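A.B. asks: Got a structure for you, questions after.
Coordinate-derived values only; no laboratory data. Bear in mind that the values here come from a model prediction, so they are computed numbers and not experimental data. As a convention, Cβ positions derive from the backbone with ideal geometry for all residues, glycine included, and neighbour counts pool all protein chains shown.
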Amino acid sequence: MPGIVIVGAQWGDEGKGKVVDLLAEQADMVVRFQGGNNAGHTIVRGDEKFAFHLVPSGILYPGKTCIIGNGVVVDPRVLTDELDGLRARGIDVSGLKVSANAHLIMPYHLLLDHAGEAKLGRLQIGTTKRGIGPCYADKAARLGIRVQDMLDEKILKKKIAAALEPKRLSLRPYARDPRLDLQTMTEEYLTFGHRLEQFIADTATLAHRALDEGRRVVFEGAQATMLDIDHGTYPFVTSSNPVAGAACVGAGVGPRDIQEIWGVAKAYTTRVGAGPFPTELHDETGEEIRRRGGEFGTTTGRPRRTGWMDLVALKYAARLNTLSGLVVTKLDVFSGFDRIRVATRYRSQEEATFDRFPYHQSVLHHAVGEYDELPGWREDLADCRTPSDLPVNARDYLRFISEAVDVPITLIGVGPGREQVVWGDAVPEQFAPERQAA
């Protein structure tokens with residue numbers, strides 16, 4: 001059974017964790033393939049809420065192999081704290097495996113991230129200041145420290161010294177910071193290495209074995225397509241590639257190992273941090289969507305910017321990822337809305353209209369949405385479990401989105417609970433056993 005990739009199809013925070021959690025129940029392995037602890041997935045299980053930052057969502061199922069792939073950047077302090085928190089709640093974490101080739105976030109990465117944003121002033125990108133960008137920069141410059149380096153004191157110390165040398169000028173304001181002492185840093189990361197050694201593995205080989213044996217593998221992306229460093233709204237993007245193609249690079253598998261690619265999108269659109277947002281709402285409607293949807297970051301707590309569904313951006317994401325399925329989450333937020341607007345094209349500063357996502361930043365930064373309006377619905381969707389349970393206008397809204405992006409809808413979120421989902425008619429049978437059994 002080849003793998004299934006789950007990616008964000010907007011600007012992040014679409015509810016990918018819940019989707020991965022549902023699929024992980026039937027999977028044998030879950031692989032996180034990029035990003036770092038700038039990501040956050042929230043899973044609701046009954047009365048319990050779990051917030052994940054590095055550990056794949058599948059860890060809640062005993063016996064599943066959960067991999068942090070080579071494409072992820074790992075802050076070992078965050079990872080060990082997350083594992084301690086899960087253990088304290090009775091969760092078995094023995095199934096976790098961390099790629100020996102994944103790169104480590106170091107204390108100087110955090111300091112450089114803070115300093116870099118402060119220097120930009122009002123032009124800040126809006127990073128989470130968790131050292132992600134500087135860590136990926138060191139990786140590209142071949143100055144990175146990898147997970148396996150924590151297991152060899154001589155190599156670790158030598159690599160840290162080499163990485164610090166070209167940063168001395170940038171780090172001068174922190175010269176007396178004890179976190180930057182070479183010996184202190186070496187000892188701290190050796191300690192992390194001892195704590196994490198049982199989890200460190202050749203994860204690409206584990207994934208190959210699972211795929212070759214016909215096991216079901218879920219590849220879990222963080223952030224989202226419109227934040228991709230190559231294809232997103234640069235420079236207001238993340239530092240990695242959160243698109244489906246990166247699953248192969250970040251997990252060490254081949255393109256033919258992927259069978260299904262699902263993109264996750266909210267029934268509306270949100271964005272965190274700076275950058276263009278053509279359908280953003282600055283009025284009471286935007287505030288109402290934020291309130292109803294609980295639109296505050298899992299990792300940062302920052303209020304998210306809100307707006308109507310953007311089909312121009314969603315069509316771009318669908319093609320870029322070659323989506324085989326679309327997941328629409330938080331449809332329940334619109335219950336009680338009389339009318340719902342959907343952006344089907346953009347209007348430029350020069351009053352030109354276009355229905356393709358613009359490649360030129362000067363056009364994009366001044367583009368605003370042009371809308372079609374659809375009737376809303378009053379019914380509560382919390383107990384809907386099949387497509388036919390949904391109100392007619394809700395089904396029409398989903399059909400409008402699906403036809404516009406030319407991708408079938410495989411799953412619909414109708415509430416925060418794990419069971420509050422509707423499996424679409426187009427979902428392959430092997431991925432929705434609960435629906436098939438019903």
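A.B. asks: Taking θ as phi - 60°, what are the ³J(HN,Hα) couplings along the range 388-398 by the Karplus curve (6.51, -1.76, 1.60), each to the nearest whole Hz, with x for Gly and Pro?
C.D. replies: After applying 6.51 cos²θ - 1.76 cosθ + 1.60, I find 5, 6, 6, x, 4, 5, 5, 5, 5, 4, 5 Hz.
A.B. asks: Per DSSP H run of at least 4 residues, take -39500 (n - 2.57); add these up for the chain, divide by its residues and hand me the 222 nm value, nearest 500 deg cm²/dmol.
C.D. replies: -9000 deg cm²/dmol
A.B. asks: Return one number: the angle in degrees, 0 to 90 and rounded to the nearest 10, between the long axis of the Cα atoms of helix 153-164 and the longest principal axis of the Cα atoms of the chain.
C.D. replies: Between helix and principal axis, roughly 70 degrees.
A.B. asks: Continuing with this model, one more query. Calculate the spin-label point distance for Ser348 paired with Asp202, positioning each point 7 Å from the Cα along the beta-carbon direction, and give it in nanometres.
C.D. replies: Reported label-point gap for Asp202 and Ser348 is 5.3 nm.
A.B. asks: Additional query: Considering only C-alpha atoms, what is the centroid distance from the range 20-52 to the range 347-423, in Å?
C.D. replies: Each part's Cα centre sits 24 Å from the other's.
A.B. asks: Karplus couplings for the range 211-220 from phi (6.51 cos²θ - 1.76 cosθ + 1.60, θ = phi - 60°), rounded to Hz, Gly and Pro as x?
C.D. replies: Karplus-based 3J(HN,Hα) across the range 211-220 equals 5, 5, 8, x, 7, 8, 10, 9, 9, 9 Hz.
A.B. asks: Which value, in debye to the nearest 20, describes the size of the charge dipole of the range 74-114 about its Cα centre when Lys and Arg Cβ atoms bear +1, Asp and Glu Cβ atoms bear -1, and nothing else is charged?
C.D. replies: Working: 4 positive and 6 negative charges, 26 e Å.
Magnitude of the dipole: close to 120 debye.
A.B. asks: Rounded, prolate or oblate: pick one for the range 172-230, where a ≥ b ≥ c are the square roots of the eigenvalues of its C-alpha gyration tensor, a/c under 1.5 means rounded, and failing that, prolate if a/b is larger than b/c, else oblate.
C.D. replies: Taking the square roots of the gyration eigenvalues as a ≥ b ≥ c, the range 172-230 is oblate.
A.B. asks: Answer with one residue from Leu227, Phe199, Thr184: the one whose Cα lies farthest towards the positive end of the charge dipole of the range 161-235, charges on Cβ with Lys, Arg +1 and Asp, Glu -1.
C.D. replies: Of Leu227, Phe199, Thr184, it is Thr184.
A.B. asks: Is the shape of the chain best called rounded, prolate or oblate, per the rule: a/c under 1.5 gives rounded, else a/b larger than b/c gives prolate, else oblate, with a ≥ b ≥ c the square roots of the Cα gyration tensor eigenvalues?
C.D. replies: Oblate.
A.B. asks: Ok, one more. Please report the base-10 log of the normalised intensity I(q)/I(0) for the range 283-413, using a Debye sum with one equal scatterer per alpha carbon and no solvent, at each q in 0.10, 0.22 (1/Å).
C.D. replies: Summing over Cα pairs of the range 283-413 leads to -0.37, -1.45.
A.B. asks: Would you mind calculating the gained length between His282 and Asp84 on full extension (0.36 nm times residue separation, minus the Cα-Cα distance), in nm to one decimal?
C.D. replies: Stretched out fully, the His282 to Asp84 stretch lengthens by 67.2 nm.
A.B. asks: Got a sec? Charge dipole of the chain, +1 on Cβ for Lys and Arg, -1 for Asp and Glu; which of Ile132, Ser335, Ala265 is way out at the positive end?
C.D. replies: Ile132
A.B. asks: Continuing with the same structure: Would you work out the charge dipole size for the range 185-299 about its Cα centre, treating the Cβ of every Lys and Arg as +1 and the Cβ of every Asp and Glu as -1, and quote it to the nearest 20 debye? Please report the intermediate quantities before stating the final value.
C.D. replies: On the way: 10 positive and 17 negative charges, 55 e Å.
That gives a dipole near 260 debye.
A.B. asks: Something else about it: Over 26 Å between Cα atoms, which of Lys97/Lys139; Lys64/Lys129; Lys64/Lys157; Lys129/Lys154; Lys97/Lys315 qualify?
C.D. replies: Lys64/Lys129; Lys64/Lys157; Lys129/Lys154; Lys97/Lys315
A.B. asks: I need the phi-derived Karplus couplings for the range 342-349: 6.51 cos²θ - 1.76 cosθ + 1.60, θ = phi - 60°, integer Hz, Gly and Pro marked x.
C.D. replies: Once rounded to whole Hz, the list reads 9, 7, 9, 7, 10, 10, 7, 4.
A.B. asks: Going by amide H atoms built from the backbone, whose H comes under 5 Å of the H on Val31, apart from near neighbours?
C.D. replies: When sequence neighbours closer than 5 places are left aside, the close amide H contacts are Ile67, Val218, Phe219, Glu220.
A.B. asks: Between the helical axis of 182-196 and the dominant principal axis of the chain, each derived from Cα atoms, what acute angle in degrees is found, rounded to the nearest 10?
C.D. replies: The two axes meet at around 60 degrees.
A.B. asks: Which angle from 0 to 90°, rounded to the nearest 10, does the C-alpha axis of helix 107-120 make with the longest principal axis of the chain?
C.D. replies: Computed tilt is about 50 degrees.
A.B. asks: Rounded if a/c is under 1.5, else prolate if a/b is larger than b/c, else oblate: which is the range 72-116, with a ≥ b ≥ c the root eigenvalues of its Cα gyration tensor?
C.D. replies: It is oblate, given that a/c is not under 1.5 and a/b is not larger than b/c.
A.B. asks: If you put +1 on each Lys and Arg Cβ and -1 on each Asp and Glu Cβ, how big is the dipole of the chain around its Cα centre, in Debye rounded to 20?
C.D. replies: Using only the charged Cβ atoms, the result is roughly 1280 debye.
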